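Presented below is the structure to which this report refers.
Throughout, read-outs are computed from the coordinates displayed, never taken from laboratory work. All of these numbers come straight from a predicted model, not from anything done at the bench. Here Cβ is always computed from backbone atoms with ideal geometry, including for glycine, and neighbour counts include all displayed protein chains.
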Amino acid sequence: MADKVLMKGNEAIAEAAIQAGCRHYFGYPITPQTEIAAYMAKRMPKIGGTFLQAESEIAAINMVYGVSAAGKRVMTSSSSPGISLKSEGLSYLAGADLPALVVNCQRGGPGLGGIQPSQSDYFQATRGGGHGDYHMIVLAPSSVQEMAQLTIKGFELADEYRMTSMILADGTIGQMMEPVSFDFEIKEQIEKPWATTGTKMARKHNIVNSLYLNPEQLEVTNIERYKRYDIIKEKEAIAEEYLVDDADIIVAAFGIAARVSKNAVNQARAEGIKVGLIRPITLWPFPEKAFRKAAEHAKQIICVELSMGQMIEDVRLSTECKVPVSLCYRVGGMIPTPDQVYQAIVEAAKKGEK
Amino acid sequence: MLVFDRPKALCDVPLHYCPGCTHGIVHRLVAETIDELGIEGKTVGIAPVGCSVMAYDYFNCDMIEASHGRAPAVATGVKRSDPDNLIVFTYQGDGDLASIGTAETVHAAARNENITIIFINNAIYGMTGGQMAPTSLPGQVTQTSPYGRDPKLCGYPVKVCEMLSELEGPEYLERVTVNSVKNVRNAKRAIKKAFQNQIDGKGFSLVEVISSCPTNWGMTPQEALKWIDDKMIPYYPLGVYKDRSAGIFAHSQEASK
Amino acid sequence: MTKEYLFAGFGGQGLLFSGKVLAYKGLIEEKNVSWLPSYGPEMRGGTANCSVIVSDDPVGAPIVLTPDVLVAMNLPSLDKYEKAVRKGGYIFVDSSLIERKVQRDDVNVYYVPATRLASENGAPTLANMILMGKLLSVLDSYTEETVDAALKKCISARHADMLELNRKMMEIGKNYNE
């Protein structure tokens, strides 16, 4: 335990960001992610960094745009309604190929919704959120340790691929405390020759821009961007597979839903039901291969979500609907209980016997 | 012997502005300022959405294109990424700065963000073809106020310098125009001061330039310059609205001393 | 082995703090732990609760629905969670704030007038730690060393004077017998 500390998930994100070399944070208060801002407000002034409480989420994401254009690691965080406001900026970041880290500690929606945990921004996150053809790398931590780990990974991927990484967390993971170790190997930051750092009269001026009035040119930039996305899909998809090899039933869940599901899987295994869990850690790129492989032997898939069923569409797409996929869910800030998931597994097992 | 040359900070490309538009003059004044202060290598400019959206192609320094109205927020990010070395300016029109981006403008000013803002007020949306701007005058006919701007229906124009001067934050606010040689020279002085203030670490400096839009005002360039004198300046008086270092404050702040 | 704790009462009674001390104690003893608060506008004055899980195995769902141990510091909390406690589990009741008795006979119940004792001993805001002392002594896990280490983790150096007071309140709880 030597180097482990108890920390809230939100605080772990903030500390990991600092360790990853992020010295600029811009945000606007919103429950349940405000601990990130509070942590940054405390720490940044002591390490020569910038913490700024912006006048709005819109301003915050545009400050992120500015720092990113200037070549520095930068982040913002918010919760669902605030992410909707930031979506304009997310689209511009994508259009200008700028790296950034954005945290969405999700709460129930739509509208003002509630403040309790939710996963109902899955579509918004994995499909881009703002206007235009684009993606973000979407990382879904399910523990405080992963909040830290994926934050660092998020910065690295963002820089490497020049795009936004989003940490798609939820109120539970953000608010809960668990032991976390910061024993990470942090890669050296890569050069950003495209950044607007001042020409120093030594090079042609750099332009950070998302405007292409010439349609042929805009088409080419979109196609080039999607070639990069193809590489990411090939290289960066990750999932945790738990007792999947011999499973007849697969439970698919991410984040807090995966933790609940694991309890249920263990309970069902103890009863002799052959059930396993696939937990996508990257939601975009979606770990299609893990599902495709499991669909070769599994007879049913149960998707457990804190939404009306969003990830279920990706599960169906990646298994090409070869296996029936059912939904086990709670919404509005409610969380499925392990027993609810267990019952769903038992029911599926009964169906399988017929 | 060359007596009139292109400033080095201006790219050698044709500008896309309409004939008689005053954007070209203001671009030149900004570029001359950058040259004279020797700051091109450390300057980052932020272009808006509006007629000057492609200003990133016209200035030789590093340039960023911001989303509509957010230039002061983007500038805040850039400046804070390297406050000791970078000089950051935004170049924004009235729709961008005084309508969709009002919050970003007001709060950058309130924070006394150490940036320079060049604000082009021509009382109309030029790029989209002549719609009513937040600064369109009462009675002004535009595409979206075809019977003249009626304050009862759509409110009164926003007077940016007056509004911001009530804030404690900003360092320097001045309104100028470019409709005569004398006024152009005066505008140059103000723009240079707004950049010098940033170099000296004094903070938020905004120069509002009353400009013309012959195309969308439906006038010849000469008529448009005269319209500035006749209609615009009476509503938007020229002058210094705040200069903290020189001891010039808005009335309320003066009264509180 | 896994033990699930639920601390419930009014916001401001120090329930989240109690949970944190327990979680840190678990961490120091090299267990897997999780701590999950209720959050939102009810944090001050409304109902608040905190789930703590201490386990030899990795912790799954962090929400405690069927606690092995319930600490109830107001009546609505006892009303709400009494039935949820696992058979053979433990309920610790602040009997200076809750007049009624626990209805079940398949759980172990301890009544501690924690709020009164805290006031009498000059620390009216530390009733939570009196209950904590009792809880740890009953569950046979009150080792001075780890309790001390856990307290030190939860009380910042700035409030070092509070350390001794917390320790004292826990002692009072530990030694209290009905």
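Could you please find all residues in segment A:183-226 being basic (K, R) and either within 13 Å of another protein chain (Cβ to nearest Cβ) or under 30 Å from A:E15 (Cβ atoms) (or both)?
Scanning segment A:183-226 gives A:K187, A:K192, A:K200, A:R203, A:K204.
Can you tell me which residues in segment B:95-117 are closer than 10 Å to B:A71 by Cβ and of a type outside the set (G, A, S)?
B:D96, B:L97, B:E104, B:T105, B:I115, B:I117
If you go through segment C:157-171 one residue at a time, do you hit one that is not in a helix (DSSP H, G or I) and not small (G, A, S)?
No, segment C:157-171 contains no residue that is not in a helix (DSSP H, G or I) and not small (G, A, S).
Quick check: anything in segment A:277-287 within 22 Å of A:E146 (Cα to Cα), of a type in the set (S, T, N, Q) and under 16 Å from the mean Cα position of the chain (by Cα)?
Yes, because at least one residue in segment A:277-287 is within 22 Å of A:E146 (Cα to Cα), of a type in the set (S, T, N, Q) and under 16 Å from the mean Cα position of the chain (by Cα).
Checking A:S68 against (1) among the small types (G, A, S); (2) assigned to a helix (DSSP H, G or I); (3) surrounded by fewer than 24 Cβ atoms within 10 Å (Cβ to Cβ), which single condition isn't satisfied?
(3)
Among the residues of segment C:123-140, which ones are crowded, with 24+ Cβ neighbours inside 10 Å and in a helix (DSSP H, G or I)?
Scanning segment C:123-140 gives C:A127, C:N128, C:M129, C:I130, C:L131, C:M132, C:G133, C:K134, C:L135.
Each row is one residue, and each column tells you yes or no for (1) farther than 19 Å from A:E234 by Cα; (2) out of contact with any strand residue (DSSP E or B) (no Cβ under 6 Å at 6 or more places or on another chain).
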residue: A:V265; (1), (2): yes, no
residue: A:P285; (1), (2): no, yes
residue: A:F291; (1), (2): no, yes
residue: A:V304; (1), (2): yes, no
residue: A:G309; (1), (2): yes, no
residue: A:V323; (1), (2): yes, no
residue: A:E347; (1), (2): yes, yes
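Name every residue in segment B:52-70 that is in contact (Cβ under 8 Å) with a residue 40 or more places away in the chain and out of contact with any Phe, Trp or Tyr (no Cβ under 7 Å at 6 or more places or on another chain), in order of residue number.
Hits for segment B:52-70 are B:V53, B:D57, B:Y58, B:F59, B:N60, B:C61.
Just to be sure, is B:A108 more than 30 Å from B:V181 (Cα to Cα), crowded, with 17+ Cβ neighbours inside 10 Å and not basic (K, R)?
yes
List the strands (runs of 3 or more DSSP E) inside segment B:1-111, counting only whole elements, that have at least 2 residues being more than 10 Å from chain A (Cβ to nearest Cβ).
By residue number, B:87-93.
Among the helices (runs of 4 or more DSSP H) lying completely within segment C:7-122, list those that include at least 2 residues that are under 28 Å from A:S181 (Cα atoms).
Hits in segment C:7-122: C:15-28.
Among the residues of segment A:23-38, are any under 23 Å from A:E185 (Cα atoms), in contact with a Leu (Cβ under 9 Å, 6 or more places away or on another chain), within 11 Å of chain B (Cβ to nearest Cβ) and assigned to a strand (DSSP E or B)?
Yes, segment A:23-38 contains a residue that is under 23 Å from A:E185 (Cα atoms), in contact with a Leu (Cβ under 9 Å, 6 or more places away or on another chain), within 11 Å of chain B (Cβ to nearest Cβ) and assigned to a strand (DSSP E or B).
Suppose we keep only residues that are touching a His at 6+ places or on another chain (Cβ under 9 Å) and under 30 Å from B:I34 (Cα atoms) within segment A:192-237. Which one would you say is surrounded by the most Cβ atoms within 10 Å (Cβ to Cβ)?
The extreme case among them is A:T196.
Could you identify the single residue in A:S326, A:S307 that is without any contact (Cβ under 8 Å) to a residue 60 or more places away in the chain and small (G, A, S)?
A:S326
Taking the condition under 26 Å from A:S79 (Cβ atoms), within 14 Å of chain A (Cβ to nearest Cβ) and not basic (K, R), does C:V21 pass?
Answer is no for this residue.
If you scan segment B:118-164, which residues turn out to be over 18 Å from B:Y236 (Cα atoms) and outside any loop (DSSP other than H, G, I, E, B)?
B:Q131, B:T142, B:S145, B:K152, B:L153, B:C154
Quick check: anything in segment A:88-97 within 11 Å of chain B (Cβ to nearest Cβ), hydrophobic (A, V, I, L, M, F, W, C) and either touching a Lys or Arg at 6+ places or on another chain (Cβ under 8 Å) or outside any loop (DSSP other than H, G, I, E, B) (or both)?
yes
Restricting segment B:167-189 to residues that are buried (at least 18 other Cβ atoms within 10 Å of the Cβ) and among the basic types (K, R), which is farthest from B:D230 (Cα to Cα)?
Ranking the qualifying residues of segment B:167-189, first place goes to B:K188.
For residues that are closer than 27 Å to A:Q340 by Cα and in a loop (DSSP other than H, G, I, E, B), tally how many sit in segment A:218-273.
12
Do you know which residues across segment A:39-76 are of a type in the set (S, T, N, Q) and more than 8 Å from chain B (Cβ to nearest Cβ)?
Result: A:Q53, A:T76.
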